[in-house]
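Some notes on the structure that comes next.
The values are calculated or read from the model by the stated rules, or taken from the named source; none is laboratory data. This is a predicted model, so every value here is computed, not measured. In this analysis, Cβ positions are derived from the backbone assuming ideal geometry, glycine residues included, and neighbour counts consider all displayed protein chains. With ligands, DNA and RNA removed, areas are computed over all heavy atoms of the protein, side chains included. Shrake-Rupley method; radii C 1.70, N 1.55, O 1.52, S 1.80 Å.
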Amino acid sequence: MKSETKTEAINVFLEETRNFSPPESFRKSAWVRDEKVYETARRNPEAFWASFAEELVWIRKWDRVLEWNPPDAKWFVGGKLNISVNCVDRWAKSELRNKAAIIWEGEPGEERTLTYWDLYREVNKFANALKKLGLKKGDRVTVYLPMIPEAAIAMLACARIGAVHSVVFGGFSAESLRDRINDAQARVLITADGGYRRGKIITLKREADEALKGTPSIQHVVIVKRGEFPLEIKEGRDHWWHRLIEGAESYCEPEAMDSEDMLYTLYTSGTTGKPKGIIHTTGGYLTGVYATTKWVFDLRPHDVYWCTADVGWVTGHSYIVYGPLANGATVFMYEGAPDWPEKDRFWQLIEKYGITIFYTAPTAIRAFMKWGTEWPARRNLSSLRLLGSVGEPINPEAWIWYHQNIGRGNCPVVDTWWQTETGMILITPLPGVTTLKPGSATKPFPGIEACVMNEKGQRVEVGGGYLAITKPWPAMLRGIYGDPERYQKQYWSKWPNIYFPSDGAKLDENGYFWLLGRVDDVLNVAGHRIGTMEVESALVDHPTVAEAAVVGKPHEIKGETLVAFVTLKDVGAPFGGARPSQVQGQAQGLPLQKLAQELKDHVAKKIGSIARPEDIIFSADLPKTRSGKIMRRLLKNIAEGKVLGDTTTLADSEVVNRLKQQYEEEG
Ligand code: WT7
């Protein structure tokens, strides 16, 4: 009893000392200084969102703010606008004309600065070049580029002519690229000869050529010349970017887009083997990312803002390109890795460019922690005034390390929860008003209604359950490309008219949200979303594999890594029902260790190296229920080294015990 009271007291103490109020110096000049905004937005959310939309440039004003026929929302109905005008023309024709829009550094060290005027000129010329290739409003364009300014230019040029872009992360394989091109039926692919990562070259065009062997919809390929990379040009189909814009007109009339016209699709993993093309539209999306960029990052004219995400993910769309540029911000963009040539590359860049706002992922922060404080300590980071985190739950230790060693104790840390589907940040502190608790994304952004619910759809006041978003929001997804049924089923069928993000969450006594990670078969590896089914399909595609089950296992830096349990075809003879580890044997002529390596490479080749399994466990059998369903929960427990739990529904409980023993033996 006594010791329990003591622990409680310690916990209370920790709880209190771990609350961080906004520093006075920050609060004084923040966009939002008064908590009243929450109440104002709650009372009239439509008026609240409309007030942000009023700050944008519209060709025709909307008639109604919201039309909500669950699960279909329309925002700013009847409004017409062009996003590239809001992100570029607006500033290029103002006193910000000569302000840096994008400051870029390549991994080898090249520097480029595009003012708003430069960006305006580039976007217009490239938009005209796309038109010359026959692209029209509504056509799809796939973008497969490294982190270079042309990625933003390409997206904005598409937006200008009303073409729908689909950016594919440059780390995805040829096959993943092909599937995404085909699903979107893209007419044009924009890529580069290559890029740099950790001192190595990445031959993007070669990867693209491989994909292009099976993409009948593609008529033209535009190639950015990034360096001297080996490549082949297919006459008639392939065009150099710099040649195309040489003769292009310097003004392209922006297309008047309906508020609900499609802006882009972005593929993300789900619980089936097939990635979903998430649809985002124009007016509501821009309003949502504009508002959250302004308030969450507290953007000021003098800021130099750096979000370390890749444009291939939604973070790059909303918080490198659209949100910051719609705010007239100066965006810093970097091509390479944080540890090349040395582990202080990011800190060196912050010092060099005087970065004021830095937005990164917990997985990166944990890597920085591991590398040690000496790396940031040797650089001057005093320009920083705000830090952000996104992509996965941030553990309190990492939060505090980030706050102390990068923010030197005086930068608010905004932990922002959102998803590809939400388009914009939904749960986040407002840095000028919110008292921060390390590890908590704190509260829904003003105008956002979220709660924690149990299975039955009852609200949990204090405690754990599922995160639920109970009202529509402007940047919400409008569907899954080509699959309206899946849209309804995936997001709107758990509870009536309530959005289900598939995340677990806990609410504390102060109404703070603590995000607990995914509750479906989607893993979060180093901040990347990976569907277990996709990896399983890739494994089963290998000629030796009969069956595969993939689960996550905690990892110090990546948060989670993939463990694959695999049964091989024809294992009868070499294993004879015994444990493969005891057999030291051969599988179809290959030593098992070599086969494991080959399977890992196979997955990397099929999907991309982000999906490469960390461990492969061969087994003569997988644990299944009597109805034949693989029991992933059990496998997860084995991978995590936990006790096994209930195995009574198992068809053959021996399988599990055997696997567990084998896993422990193999370490
Ligand atoms: C999933 C969405 C949002 C852009 C990057 C990822 C997890 C994201 C947080 C956070 C806890 C987070 C969730 C979510 N997640 N941010 N701050 N705290 N979890 O986008 O690939 O669509 O992944 O990432 O599990 O569902 P995404």
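With Ala587, Ala546 as the choices, which residue is of a type in the set (Gly, Ala, Ser), assigned by TED's automatic domain parsing to the domain that holds Leu659 and modelled with pLDDT of 90 or more?
Values: Ala587 fails: modelled with pLDDT of 90 or more.
After ruling out the rest, the residue left standing is Ala546.
State all residues of region 206-227 that are open to solvent by less than 20 Å² (accessible area, probe 1.4 Å), in contact with a Phe, Trp or Tyr (Cβ under 7 Å, 6 or more places away or on another chain) and either of a type outside the set (A, V, I, L, M) or assigned to a strand (DSSP E or B) (or both); if no residue qualifies, say none.
Passing the criteria: Val222, Ile223, Val224.
Could you check region 126-147 and list, in sequence order, the residues that are over 26 Å from the mean Cα position of the chain (by Cα) and surrounded by 21 or more Cβ atoms within 10 Å (Cβ to Cβ)?
Step one: of region 126-147, the residues over 26 Å from the mean Cα position of the chain (by Cα) are 126-137.
Across region 126-147, the qualifying residues are Phe126, Ala127, Asn128, Ala129, Leu130, Leu135.
Step by step: first the residues of region 172-196, then only those that are open to solvent by 20 Å² or more (accessible area, probe 1.4 Å) and touching a helix residue (DSSP H, G or I) at 6+ places or on another chain (Cβ under 6 Å), then the one that is farthest from Phe126 (Cα to Cα). Which residue is that?
For region 172-196, the residue satisfying everything is Glu175.
Matching residues to (1) of a type in the set (Lys, Arg); (2) under 29 Å from Lys629 (Cα atoms); (3) free of Cβ contacts under 8 Å to residues at least 12 places away in the same chain:
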| site | (1), (2), (3) |
| --- | --- |
| Arg459 | yes, no, yes |
| Glu485 | no, yes, yes |
| Ala505 | no, yes, no |
| Ala526 | no, yes, no |
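Farther than 27 Å from Gly277 by Cα, within 13 Å of the ligand (Cβ to nearest atom) and either within 24 Å of the chain's Cα centre (by Cα) or not assigned by TED's automatic domain parsing to the domain that holds Ile480 (or both): is that true of Gly439 in this structure? Walk me through how you get there before you give the answer.
Values: farther than 27 Å from Gly277 by Cα: yes; within 13 Å of the ligand (Cβ to nearest atom): yes; either within 24 Å of the chain's Cα centre (by Cα) or not assigned by TED's automatic domain parsing to the domain that holds Ile480 (or both): yes.
Yes: the conditions hold for Gly439.
Identify the residue in region 465-485 that is under 30 Å from Met262 (Cβ atoms) and over 22 Å from the mean Cα position of the chain (by Cα) and, among all such residues, is least open to solvent (accessible area, probe 1.4 Å). Show your work before the answer.
Narrowing region 465-485 to residues under 30 Å from Met262 (Cβ atoms): 466-485.
Adding the requirement that they be over 22 Å from the mean Cα position of the chain (by Cα) leaves 470-471, 484-485.
Details: Thr470: 35, Lys471: 95, Pro484: 99, Glu485: 151 Å².
My answer is Thr470.
Which numbered condition trips up Cys411, out of (1) within 11 Å of the ligand (Cβ to nearest atom); (2) open to solvent by less than 10 Å² (accessible area, probe 1.4 Å)?
That leaves (1) as the condition not met.
(1) assigned by TED's automatic domain parsing to the domain that holds Met369; (2) away from the ligand (no atom under 15 Å from the Cβ): which one isn't true of Trp418, the others all being true?
(2)
Listed here are the residues, each with its yes/no results for (1) within 16 Å of the ligand (Cβ to nearest atom); (2) of a type in the set (Lys, Arg); (3) at negative phi.
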site	(1), (2), (3)
Glu342	no, no, yes
Ile355	no, no, yes
Pro362	yes, no, yes
Arg366	yes, yes, yes
Trp371	no, no, yes
Pro376	no, no, yes
Arg379	no, yes, yes
Leu384	no, no, yes
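Residue by residue through region 442-470, note down the ones that are under 19 Å from Phe52 (Cα atoms) and either in a strand (DSSP E or B) or within 15 Å of the ligand (Cβ to nearest atom) (or both).
Here is the first cut: in region 442-470, the residues under 19 Å from Phe52 (Cα atoms) are 444-449.
Result: Pro444, Phe445, Ile448.
With of a type in the set (A, V, I, L, M, F, W, C), in the same structural domain as Ile394 (by TED's automatic domain parsing) and open to solvent by 50 Å² or more (accessible area, probe 1.4 Å) as the only criterion, which of Val462, Val519 stands out? Break it down stepwise before answering.
Values: Val519 fails: in the same structural domain as Ile394 (by TED's automatic domain parsing).
After ruling out the rest, the residue left standing is Val462.
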